[in-house]
Amino acid sequence: MQSNELSNIGLLKEIAEFLNEETDMEQMLQGALQKLLEGTLFETGWIFFIDKKGKQQLIAHDKLPNALKRNECMHLQKGGCWCVSRFQNGELKKASNIIECKRIVNARKKNNEDTNDITHHATVPLQSGQESFGLLNVATPNTIRFSEGELALLESVAFQIGSAIKRIYLTKQEQQVALVQERNRLARDLHDSVNQLLFSVTLTARGGVEMTEQQEIKDTFKEIQYLTQDALTEMRALIWQLRPKGLETGIMEGIKGYGDILGLTLTVNVKGVINLPASMEETLFRITQEALNNIRKHAGVLKAELYLTVTLTDVLLVIKDEGCGFHINESKKLPSIGLQSMRDRAYSVGGTVDWVTGWNKGTEILVRLPY
């Protein structure tokens with residue numbers, strides 16, 4: 001066996017060990033790319049994630065020349081590209097040489113910066129079984145074509161990376177299933193214990209009102225009844241948050257059901273086809289829950305309007321009420337944990353939440369989530 005073959009086997013083993021240990025996606029891809037470049041004659045490399053809609057994300061890169069690094073790698077992510085087009089058309093099945101990279105040429109022309117004599121690159125799809133996740137690209141100065149041995153090595157590395165990506169996705173799915181199961185268990189326990197106890201207290205207080213003739217005692221029992229009824233409503237809302245029954249028939253049904261639990265009258269307007277990923281529905285639902293909670297507790301009204309618009313690239317949600325409103329000082333932190341949680345949920349998926357409000361002017365919540 002030749003020395004370069006032994007070297008490749010050692011490199012593949014080292015990369016495999018690293019991939020098996022790492023659980024953070026971006027760190028895993030960055031580290032695998034660095035190890036590949038350290039153990040071969042490839043000088044630079046970058047990895048794209050490409051979703052089913054063709055949306056690209058530059059997820060990792062290493063040792064890029066200045067012309068490609070400029071403006072957060074703008075030229076690597078924009079414009080036409082042979083490898084991405086072939087990937088999207090399902091025509092890129094194995095490691096291939098690229099005749100000339102249009103993105104590298106454009107970067108050199110527009111920035112007048114050095115590309116370290118890199119004009120061509122090799123590309124290989126990242127796959128696991130029938131699933132494709134993106135592309136691994138590598139380049140070397142003054143190199144137009146890579147050998148069959150180098151392309152074979154790229155395919156082996158891409159197979160390892162694709163398998164590791166699949167492993168992380170499966171792990172996340174298992175964690176999500178475990179989370180849902182735990183939510184269901186907690187919701188069931190709350191319903192069977194605390195919820196039933198509160199209901200019993202409500203009945204006892206109602207009976208106490210009927211059993212006494214003393215007004216002070218009647219008033220005390222009535223106060224207990226009112227407080228317990230409020231607590232029961234809160235508990236039912238909490239159980240619904242843990243296990244939203246309406247989501248299996250669509251997000252709008254889930255939102256309407258939650259509004260009913262809170263005693264709110266909702267007017268809903270929808271534009272576009274609602275066919276969202278489960279994670280997107282979950283994020284929208286949780287943000288809307290918090291907004292409806294705030295309306296019930298603080299707005300002083302029991303009506304709200306919801307406008308949901310689904311476009312090719314974004315989901316836009318507007319939640320309006322004609323309540324008392326509130327004041328936000330943009331130079332300070334948000335006035336409640338609930339508002340901050342809404343912003344955090346949107347931010348976690350690359351979206352935004354904004355408010356238009358003021359004292360006695362009602363509140364309009366604007367949510368934008370990309371997908």
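The values are calculated or read from the model by the stated rules, or taken from the named source; none is laboratory data. Since the model is a prediction, treat every value here as computed from it, not as a measurement. No Cβ is skipped: glycine too gets one built from the backbone with ideal geometry, and neighbour counts run over all protein chains shown. SASA here: full protein model, heavy atoms, side chains in, ligands and nucleic acids out. Shrake-Rupley method; radii C 1.70, N 1.55, O 1.52, S 1.80 Å.
Identify, please: which residue in region 343-361 is open to solvent by 60 Å² or more (accessible area, probe 1.4 Å) and part of a strand (DSSP E or B) and is, among those, farthest from Leu284 (Cα to Cα)? Reasoning before the result, please.
The initial filter retains those residues of region 343-361 that are open to solvent by 60 Å² or more (accessible area, probe 1.4 Å), namely 343-345, 347-348, 352, 354, 356, 359-361.
In the following step, the residues that additionally are part of a strand (DSSP E or B) were identified as 352, 354, 356.
Details: Thr352: 11, Asp354: 14, Val356: 19 Å.
Going through the qualifying residues, I end up with Val356.
Selection within region 9-26: residues that are under 27 Å from the mean Cα position of the chain (by Cα) and either modelled with pLDDT of 85 or more or of a type in the set (Asp, Glu) (or both). The member of this set that is nearest to Leu136 (Cα to Cα) is Glu26.
For Leu19, the requirement of being part of a helix (DSSP H, G or I), touching an Asp or Glu at 6+ places or on another chain (Cβ under 6 Å) and either open to solvent by less than 10 Å² (accessible area, probe 1.4 Å) or touching a residue at least 40 places away in the same chain (Cβ under 8 Å) (or both) is not met. Within region 195-208, residues that are surrounded by fewer than 16 Cβ atoms within 10 Å (Cβ to Cβ) reach partners that are assigned to a helix (DSSP H, G or I) and of a type in the set (A, V, I, L, M) with beta carbons closer than 8 Å, at six or more positions or on different chains, in the pairs Phe199/Leu232. Contact annotation: residue pairs with Cβ atoms under 7 Å, 6 or more positions apart or on different chains, pairing a residue in region 215-232 that is under 14 Å from Leu197 (Cβ atoms) with a partner that is open to solvent by 70 Å² or more (accessible area, probe 1.4 Å), are Leu232/Phe199.
Considering each residue of region 299-316 in turn, at least one proves to be free of Cβ contacts under 8 Å to residues at least 24 places away in the same chain and either within 23 Å of Asp51 (Cβ to Cβ) or touching a Lys or Arg at 6+ places or on another chain (Cβ under 6 Å) (or both).
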